[in-house]
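Remarks on the structure that follows.
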Amino acid sequence: MNHYAIVDSGKIFIKSNKLDNQTKKASSQIITKTATKEAEAHLIGYKDLQEAYDRVALLNKIGQEITSSLDLGIVMNTIYKNISSFISADLFGIALYDKDSEEIDFKYFLDEGKKFSGGKKPVDIEGSMAGWVIQNKKHLFINDVQNEYSNYVPKLIGTKADGTNSLIFVPLIINNKVIGVITVQSFKLNAYTDQDLEIIQAVGAYSTIAIENSKVHEEIRELNNIISSEKKELEKAYLKIDKLANHDTLTGLANRRLFVELLKQEIRKADRQKSKTAVLFIDLDNFKPVNDSLGHSAGDKVLQMVAQRFISTLRESDSIARIGGDEFAAIICNIKNKTDIEKLAEKIINNLRNPFIINTSKFQIGISMGISIYPDDDITIDGLLRKADTAMYKIKSESKNSFLFYNEII
């Protein structure tokens, strides 16, 4: 070992090679240890940061899934599926709170994966932890239920009194208003951690939005159903009013008012198509004896049967109306020639020749028919009806059970 001293201006310097090496070594070790600790600290910090990032990403994904549906059943299933995938949930429930009725309704409750109906309970019912959470707007986090529940409620309801040992209740709050509660419960002691509580609270925030959206959607759907139902009833009422206003209540045929409107339409169509339209004015022959012998009830049945025979004889494009007691009028459209009308008129008369049977009584009814043609005889509705009526009275006074064109009147 080389020791030496240097005397310089009254100062003595002692230098040792060994001491110098030991000092350097110690310094190096300190630096190494410090760097290692700093590296470890950075690594731990990075891991914590990465875990936090992963947790946020997971919760964001869960939130998107929960809020992707407006169906309350699907929303609740999604909430349970996500929570139970990483938190023990021997019991799981979602209850909605109705402030107006002050009731809690467990819409969704599972006991070891099996669904049960939780039913409705008053929010202030003794022993309800859900009620305590809603009234206090605070969460409950207990890992030894049997020994700690009495700190909050005098007895246990809504849990398995002899089975639940750990539980979390989280209120669902939006705009400072409690709309419900989520609970997870475990049969194990100390089943949950602070991190579990944070996850339930985070999922609860998304759940609150999804449930509120579902409730609003359901209310809108119910309102739409009511509106739709009322609209249908209104449409039925309009149809009934329209039918009463435009149809004969006894036969169901068009009345005079509707007949005039239909004739207007056919005249416009005839003008466009350069065609002709015929108006048939029909009066029943020998109808009065039916009323006199069998009564008005039988007479009404005969009128209904006559109407059905008219309908079965005419084309779908034609129209028939009852415009008086035993008077009818028909519109025959798209006429090619007079022969077409004659054939149809004969067909109507022949169809009416078949006997009518009312209460075992058999009788026959004939018809007298006057015919006017647009635009040959007239171009106005009143004129066409009047001239068809004139032709009808002419044939009725002469022969009955026949037809006559207005332009054939001598």
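The values are calculated or read from the model by the stated rules, or taken from the named source; none is laboratory data. None of the values given here were measured: they were computed from a predicted structure. With ideal geometry, Cβ positions are generated from the backbone for all residues, glycine too; neighbour counts draw on all protein chains shown. Note: areas computed on protein heavy atoms with side chains; ligands, DNA, RNA excluded. Shrake-Rupley method; radii C 1.70, N 1.55, O 1.52, S 1.80 Å.
Scanning region 172-193 for residues that are under 21 Å from Ile104 (Cβ atoms) and surrounded by fewer than 16 Cβ atoms within 10 Å (Cβ to Cβ) yields Ile174, Asn175, Asn176, Lys177. Name every residue in region 61-93 that is touching a Ser or Thr at 6+ places or on another chain (Cβ under 7 Å), open to solvent by 40 Å² or more (accessible area, probe 1.4 Å) and of a type in the set (A, V, I, L, M), in order of residue number. Listed by number, the residues that qualify are Leu70, Leu72. Here Ile142, Ile104 are screened, and the one residue that is under 13 Å from Gly93 (Cβ atoms) and touching a strand residue (DSSP E or B) at 6+ places or on another chain (Cβ under 6 Å) is Ile104. Does region 383-395 contain at least one residue that is out of contact with any strand residue (DSSP E or B) (no Cβ under 7 Å at 6 or more places or on another chain), over 18 Å from Ser275 (Cβ atoms) and open to solvent by less than 70 Å² (accessible area, probe 1.4 Å)? Looking through region 383-395, at least one residue is out of contact with any strand residue (DSSP E or B) (no Cβ under 7 Å at 6 or more places or on another chain), over 18 Å from Ser275 (Cβ atoms) and open to solvent by less than 70 Å² (accessible area, probe 1.4 Å).
Annotation: Gly118 fulfils all but one of (1) closer than 19 Å to Ile87 by Cβ; (2) modelled with pLDDT under 85; (3) surrounded by 14 or more Cβ atoms within 10 Å (Cβ to Cβ); the unmet one is (1). Here Asp377 fulfils each of the conditions (1) more than 20 Å from Leu253 (Cα to Cα); (2) out of contact with any strand residue (DSSP E or B) (no Cβ under 8 Å at 6 or more places or on another chain); (3) part of a helix (DSSP H, G or I) apart from (3). For region 94-115, taking the residues that are hydroxyl-bearing (Ser, Thr, Tyr) and out of contact with any Asp or Glu (no Cβ under 8 Å at 6 or more places or on another chain), the one that is surrounded by the fewest Cβ atoms within 10 Å (Cβ to Cβ) is identified as Ser101.
Apart from one condition, Pro355 fits all of (1) open to solvent by less than 20 Å² (accessible area, probe 1.4 Å); (2) more than 52 Å from the chain's Cα centre (by Cα); the exception is (1). When restricted to residues that are in a strand (DSSP E or B) and over 20 Å from Val203 (Cα atoms), region 120-175 contains 5.
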